[in-house]
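Peer 1: So that we are looking at the same thing, I have put the structure below in C-alpha cells.
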Amino acid sequence: MYQQRTLQKLLISNTQFKEVLQQIQSKPECGGLPIISFLILPMQRVTRLPLLVDTICQKTNRFQREYDAATHALKAISKLVKSCNEGAHKMERTEQMFTIQTQLEFGKIKGFPLISTSRWLQKRGELLTFAEESGIFSKVFGKQTSFLFLFNDVLIITRKRSEESYTVQDYATLDQLEVEALENNDSPHSPPGKGTGGSTPSNHLFKITMKKNNAGELEHMVFGSQSLSDRARWIDALLKKDDDRISKEGLQQVEIVKAHLAKQPDELSLQQADVVVILQRVDGWYHGERIRDWERGWFPESCAKEITNHIAVRRNVQRMERLRIETDV
C-alpha cells in the first residue's frame, strides 16, 4: 500500500518520472507488466510459501528425516513472512499517522501527541449525527455529519473542513466507550418536516457513550451509517472483540474467486484462491479470518464462493490449527 501510494504520487506530480517509467515498462525484459506488478507480486508469493511448505509436510512420512527438515523449513519461512508483514505494517502505519497528525486541528480542545509506535488507525469515515442529550451535538439534525478517526486505543470525533483538514470536537480512549446498535423504535426524533424514512442512514443508527471524554465528562452521541454493513463494521471495530481462541469448527468457509484490494483499514486484501473462515455476514459483506496467516477483516461477499465440501472444510480447520502450532514463531 505504501509503495502504491508513493508511485501514484510520483506519476501525478513528476512528468519526467512518468515518461522514463513508460520507456522502462515497454522493454521486453518487463514482459509487458507494469511496475506495480514487480512491487506487489514478490510479496504475494512470499506470503503463500508457508502453505506450500505445509503441504510438503502433510505429504511426508512423520518418521522420515525429511519430515523434520520440512517442519524446520516451515518455521523458518513463517518467521520470514511474519517479519515482512510486520515491516510493511509498521511503514504504512507510520506514514499514515504522520499524515493524520498534520490534518487534525484541536483548537480549544486539549490536544495530545497522536504519533506513537503503539498506535494505528483501525477505521475512519463520515457519519450522520443525531442528538440525544445536551452537549456539542444537542442541536444537530438533518444532514449534519461528523468525521470519526478510530485508532486502536482512542476515538477522535471531528468536523470535516476539507479533504486535508479536520477540527477535533471530542475524543475518548476506547476503555471509556460503550457502544450499542439502535433499532428504528429507539431512534432519536428529527424536527418536524425533516423526518427520514426508507433506506436513509437514520435506519442504521448506533449510540456511543463516552464515560469520560476529553474533559472528563459523560457524553452520549448517536450516529447514522449508510448501510447495515457499515454500522456492523463500526460497532465491530469499536468493541475490540477478543475472540482469537474461538473454535473455527462448524463455521462457514469461502474461497476467494476474485481478488479484493482493501480500501479501508478494517478491510482484508485477498488474493484469488485464498480461503477465509467467516466470522460474520452482514448486508453483502463478510468479516473473516484468512487461514494462511490469520489476518482478519471485511470484504465483499461477491468476491467469494462458499466451500460446501465437508471434507475440504474439515481439512482447512485442521490445517489452520496445525499452522498455528508449527509456525508459532
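Residues are listed down the side, and each one gets a yes or a no for (1) open to solvent by less than 60 Å² (accessible area, probe 1.4 Å); (2) of a type in the set (Phe, Trp, Tyr); (3) within 31 Å of the chain's Cα centre (by Cα); (4) closer than 24 Å to residue 273 by Cα:
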position	(1), (2), (3), (4)
5	no, no, yes, no
16	no, no, no, no
23	no, no, no, no
26	no, no, no, no
39	no, no, yes, yes
45	no, no, yes, yes
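Peer 1: In the range 251-268, what count of residues is obtained for those that are farther than 18 Å from residue 314 by Cβ and either buried (at least 17 other Cβ atoms within 10 Å of the Cβ) or modelled with pLDDT under 90 (or both)?
Peer 2: Residues in the range 251-268 being farther than 18 Å from residue 314 by Cβ and either buried (at least 17 other Cβ atoms within 10 Å of the Cβ) or modelled with pLDDT under 90 (or both): 11 in total.
Peer 1: Can you pull out every residue in the range 56-73 that is modelled with pLDDT of 85 or more and either touching a Gly at 6+ places or on another chain (Cβ under 6 Å) or not in a loop (DSSP other than H, G, I, E, B) (or both)?
Peer 2: Listed by number, the residues that qualify are 56, 57, 65, 66, 67, 68, 69, 70, 71, 72, 73.
Peer 1: Kindly evaluate residue 100 against the criterion of being part of a helix (DSSP H, G or I) and either in contact with a strand residue (DSSP E or B) (Cβ under 8 Å, 6 or more places away or on another chain) or under 28 Å from residue 263 (Cβ atoms) (or both). Explain how you work it out, then say what you get.
Peer 2: Details: part of a helix (DSSP H, G or I): yes; either in contact with a strand residue (DSSP E or B) (Cβ under 8 Å, 6 or more places away or on another chain) or under 28 Å from residue 263 (Cβ atoms) (or both): yes.
Considered against the rule, which asks whether it is part of a helix (DSSP H, G or I) and either in contact with a strand residue (DSSP E or B) (Cβ under 8 Å, 6 or more places away or on another chain) or under 28 Å from residue 263 (Cβ atoms) (or both), residue 100 comes out as yes.
Peer 1: Give the residues of the range 116-142 that are modelled with pLDDT under 90 and among the aliphatic types (A, V, I, L, M), sorted by residue number.
Peer 2: Residues satisfying the conditions are 131, 136, 140.
Peer 1: Let me ask something additional. Looking at the range 283-295, which of its residues are under 21 Å from residue 227 (Cβ atoms) and crowded, with 18+ Cβ neighbours inside 10 Å? Show your work before the answer.
Peer 2: Kept after step one, since they are under 21 Å from residue 227 (Cβ atoms), are these residues of the range 283-295: 283-288.
If the condition is that a residue be under 21 Å from residue 227 (Cβ atoms) and crowded, with 18+ Cβ neighbours inside 10 Å, then 285, 286, 287, 288 are the ones that fit.
Peer 1: Now, a different point. Surrounded by fewer than 18 Cβ atoms within 10 Å (Cβ to Cβ) and among the acidic types (Asp, Glu), is that true of residue 306?
Peer 2: Yes: the conditions hold for residue 306.
The values are calculated or read from the model by the stated rules, or taken from the named source; none is laboratory data. Since we're looking at a predicted model, the values are computed, not measured. Don't worry about glycine lacking a Cβ; one is built from the backbone with ideal geometry, like all the others, and counts go over all protein chains shown. Just the protein is used for accessible areas: all its heavy atoms, side chains included, with ligands, DNA and RNA removed. Shrake-Rupley method; radii C 1.70, N 1.55, O 1.52, S 1.80 Å.
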